[in-house]
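The values are calculated or read from the model by the stated rules, or taken from the named source; none is laboratory data. Just so it is clear, the structure is predicted and the values come from calculations on it, not from any experiment. Reconstructed Cβ throughout: ideal geometry from the backbone, glycine too, with neighbour counts over all protein chains shown.
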Amino acid sequence: MKLYISHMTQSFATDILNWSYDPPYDFYNNELSREGLAELLNNQYFAVINQEENLIGFFCIGQSAQVQKGNEFGVYEKRMVDIGLGVRPDLTGKGFGSKFFKFILGEIQGMTNLFTFRLTVAKFNKRAIRLYENFGFKVENEFCTERAEFITMVRSQ
């Protein structure tokens, strides 16, 4: 499957907000709302599509990829490219993550010309953590919110 970047559209944003993940990944489920649409449409979010222009996933960079509460713990003080991402629920757990993540990293390197990346991931999400470790990311910080424990992971080149 060939992947492409697309601007985030209202249709893509609506689809993403309606995605439904199985437990324990239902933590990542959202609700379709004006605020949710505004977040996806008015920030640095990008859709990832295939050759048939079907939505495969998304990624975001910058503050949109951060968990705001992490600022209280100083986890975002160092200058890096923060990355957030999501894959369509029916594509998760099928070995697609490496291809998807490699594609996103390449696109972000091209956009930013920076090579120090940071991810924030829920600590329970062992599947994602293992994927990021396979790409050279290492745990840097941990912090808690009311909803979950998070870790930041960093990769420098």
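Could you tell me which residue of region 118-154 is surrounded by the most Cβ atoms within 10 Å (Cβ to Cβ), considering only residues that are polar (S, T, N, Q) and in contact with an Asp or Glu (Cβ under 9 Å, 6 or more places away or on another chain)?
Within region 118-154, the first condition is being polar (S, T, N, Q), and the residues that meet it are 120, 125, 134, 141, 145, 152.
Retained after the next criterion (residues that are in contact with an Asp or Glu (Cβ under 9 Å, 6 or more places away or on another chain)): 120, 152.
Numbers: THR120: 19, THR152: 24.
Per the stated criteria, the residue is THR152.
Matching residues to (1) buried (at least 16 other Cβ atoms within 10 Å of the Cβ); (2) over 24 Å from PHE150 (Cα atoms); (3) among the small types (Gly, Ala, Ser):
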site: MET1; (1), (2), (3): no, yes, no
site: PHE27; (1), (2), (3): no, no, no
site: VAL48; (1), (2), (3): yes, yes, no
site: LEU55; (1), (2), (3): yes, yes, no
site: VAL75; (1), (2), (3): yes, no, no
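Could we say that THR92 is modelled with pLDDT under 95 and buried (at least 18 other Cβ atoms within 10 Å of the Cβ) here? Explain how you work it out, then say what you get.
On the way: modelled with pLDDT under 95: yes; buried (at least 18 other Cβ atoms within 10 Å of the Cβ): yes.
Here the answer is yes, as THR92 does meet what is asked.
Inside region 9-54, can you point out the residues that are β-branched (Val, Ile, Thr) and either free of Cβ contacts under 8 Å to residues at least 24 places away in the same chain or in a helix (DSSP H, G or I) (or both)?
Filtering region 9-54 down to residues β-branched (Val, Ile, Thr) leaves 9, 14, 16, 48-49.
Listed by number, the residues that qualify are THR14, ILE16.
Which of the following residues is in contact with a strand residue (DSSP E or B) (Cβ under 7 Å, 6 or more places away or on another chain), farther than 23 Å from ASN134 by Cα, in a helix (DSSP H, G or I) and of a type outside the set (Val, Ile, Thr): SER6, SER64? Step through it out loud before you land on a result.
Numbers: SER6 fails: in a helix (DSSP H, G or I).
That would be SER64, the only listed residue that is in contact with a strand residue (DSSP E or B) (Cβ under 7 Å, 6 or more places away or on another chain), farther than 23 Å from ASN134 by Cα, in a helix (DSSP H, G or I) and of a type outside the set (Val, Ile, Thr).
Could you look through region 120-156, keep only residues that are aromatic (Phe, Trp, Tyr) and within 16 Å of the chain's Cα centre (by Cα), and pick out the one that is farthest from GLY97 (Cα to Cα)?
First, the residues of region 120-156 that are aromatic (Phe, Trp, Tyr): 124, 132, 135, 137, 143, 150.
Narrowing further to those that are within 16 Å of the chain's Cα centre (by Cα): 124, 132, 135, 137, 150.
Values: PHE124: 17, TYR132: 10, PHE135: 11, PHE137: 15, PHE150: 20 Å.
Ranking the qualifying residues of region 120-156, first place goes to PHE150.
State yes or no: is VAL75 β-branched (Val, Ile, Thr) and in a loop (DSSP other than H, G, I, E, B)? Explain how you work it out, then say what you get.
Details: β-branched (Val, Ile, Thr): yes; in a loop (DSSP other than H, G, I, E, B): yes.
So VAL75 passes the test.
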